[in-house]
1. Which residue is surrounded by the fewest Cβ atoms within 10 Å (Cβ to Cβ), if the candidates are limited to the stretch 23-47 and must be in contact (Cβ under 8 Å) with a residue 40 or more places away in the chain and aliphatic (A, V, I, L, M)?
2. Among the listed residues E98, E92, which satisfies the condition of being assigned to a strand (DSSP E or B), modelled with pLDDT under 95 and farther than 20 Å from T24 by Cα?
3. Restricting the search to the stretch 52-72, which residues are under 17 Å from S15 (Cβ atoms) and buried (at least 16 other Cβ atoms within 10 Å of the Cβ)?
Amino acid sequence: MPTIAFAHGQMVQVSPAANSNVLTAPTEVSIEFDGKLQIIEGANVNSIEVTDSQGQVISSSTAVVEGNKISTKLQVTDITGLVSVHYRIVSEDGHPVEGDYSFTVGETPVAISAYGEEGAEEEVRNSEESGSNLLVNGVGVLFLIGIVLGIVTRIKK
């Protein structure tokens, strides 16, 4: 006889998105799961904590649970750098689930690095082209000198 197996709560959507880069810090961080979050005996056993790049907690101490979504307000939004989100929930099958994800606020070294690599590649292409042009120009100059010397030699004879 088949049995129904419930999977532990899986993240379906996060805001801001995991591993994303946002220009400014959000006012709220939220995570939606594939099932309803449990409230046990009226107590909220689910938590979400947001920390800045120095490890300081920047979120409210209480989480808001609405069905399958947990969220928290950020108390500090004047930040840049890596922001970490840690959550612990009790899924509808009764199992606790916890995890982490992160996002970045402001400009990131990756974006700067990617631009820098493109600029470096272009600079290499330009210098290769300059080197090729120098060789062609040098051969052309030598050819012209040869012609001039040939003409001068014939004129002197």
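1. Within the stretch 23-47, the match that is surrounded by the fewest Cβ atoms within 10 Å (Cβ to Cβ) is L23.
2. E98
3. Selection gives I58, S59, S60, A63, V65, N68, K69, I70, S71, T72.
The values are calculated or read from the model by the stated rules, or taken from the named source; none is laboratory data. Worth saying up front: this structure is predicted, and the values here are computed from it rather than measured. Positions of Cβ are generated from backbone atoms using ideal geometry, with glycine treated the same way; all protein chains shown enter the neighbour counts.
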